[in-house]
Amino acid sequence: MNIFKPLLDLLFPPSCVFCACRVGEGTTALQICSQCFAQIPAPETCCFKCAQPLAAVQDNCPQCSRLVFAFSGACTVQAYRGAVKTAIHNYKYNGRKEMARTLGGLMAQQIRRSSWPKIEAIVPVPLHRSRLLERGYDQALLLAQVVAAELRLPLKKVLQRKSATPSQTKLFARERWENVSQAFELASQLPLPARLLLVDDLLTTGATAHFAAQTLLAGGAKEVYLAVVGR
Ligand SMILES: [Zn+2]
Ligand SMILES: [Zn+2]
């Protein structure tokens, strides 16, 4: 432990990654306040397939009842709105890459709470090179590194982007699906572990994760799960 930490905490009190309020003692390890921590939904209160937080356990999911995703299950840290939306935006676009530690730690917690069969390796959803140059860091890779370390699983960068796809945020749902349908390829021809966990920052339409999972299945994986920070 850093011997200067108590002094640093005094000078720069740690603030919650989600609501920016001061983090109380005892919860500083994850840098999230107890109120935000309490609001993290239990995986069983979210759709088991697409991680959409639901009003009631076993409620029918309005988001994926007509879709057949290639991934077998998903979990999220929070619903993508309000303070969480702002936090993820800061993490992705405002250079706050140190947030990966908290966000990845919370993802690992949600993965442990999900009743999934044993995962063999963690796969980050890859960022295209041009966007990596723009941003300076790969937000999904940083999260995947924290998740892999927390769960003591190997990190496998087995997916890569084929070509730069236009930014998803400016497209309508249908276009998003077409936009990413051919986006991924396998980085090598080596056999894949049977059960993989994809890691990404967000799940919105599910198109990116669907085609990433489909590519892994086509490459020989038997099952693919997905963990995100916001849904
Ligand atoms: Zn908070
Ligand atoms: Zn669903």
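Annotations
- In the chain, the portion of solvent-accessible area held by carbon and sulfur atoms comes to 54 percent [1.4 Å probe, whole percent, DNA, RNA and ligands not counted].
- Only helices enter the 222 nm calculation for the chain: every DSSP H run of n ≥ 4 contributes -39,500 (n - 2.57), and dividing by all residues gives -10000 deg cm²/dmol, rounded to 500.
- Packing, as the average of other Cβ atoms within 10 Å across residues, places the peptides 204-215, 114-125 in the order 204-215, 114-125, highest first.
- Residue among Ser114, Ala209, Gln160 farthest towards the positive dipole end of the chain, charges placed on Cβ: Gln160
- Taking the DSSP bridge list for the chain and keeping only pairs wholly inside it, about 25 percent are antiparallel.
- 26 Å Cα cut-off, lysine pairs counted over the chain (separation 8 or more, or different chains): 25
- Degrees, to the nearest 10: 82-93 long Cα axis against longest axis of the chain: 70
- If the chain linking Gln214 and Arg135 were pulled fully straight, counting 0.36 nm for each residue of separation and taking away their Cα-Cα distance, it would gain 25.8 nm.
- Rounded to two decimals, the Cα-based Rg/Rh of the stretch 41-230, with Kirkwood Rh, is 0.93.
The values are calculated or read from the model by the stated rules, or taken from the named source; none is laboratory data. Every value quoted in this text rests on a predicted model; they were computed, and no experiment measured them. Counting neighbours? That spans all protein chains shown, and the Cβs are built from the backbone with ideal geometry, glycine included. Ligands, DNA and RNA are excluded from the accessible area calculation, which covers all protein heavy atoms including side chains. Shrake-Rupley method; radii C 1.70, N 1.55, O 1.52, S 1.80 Å.
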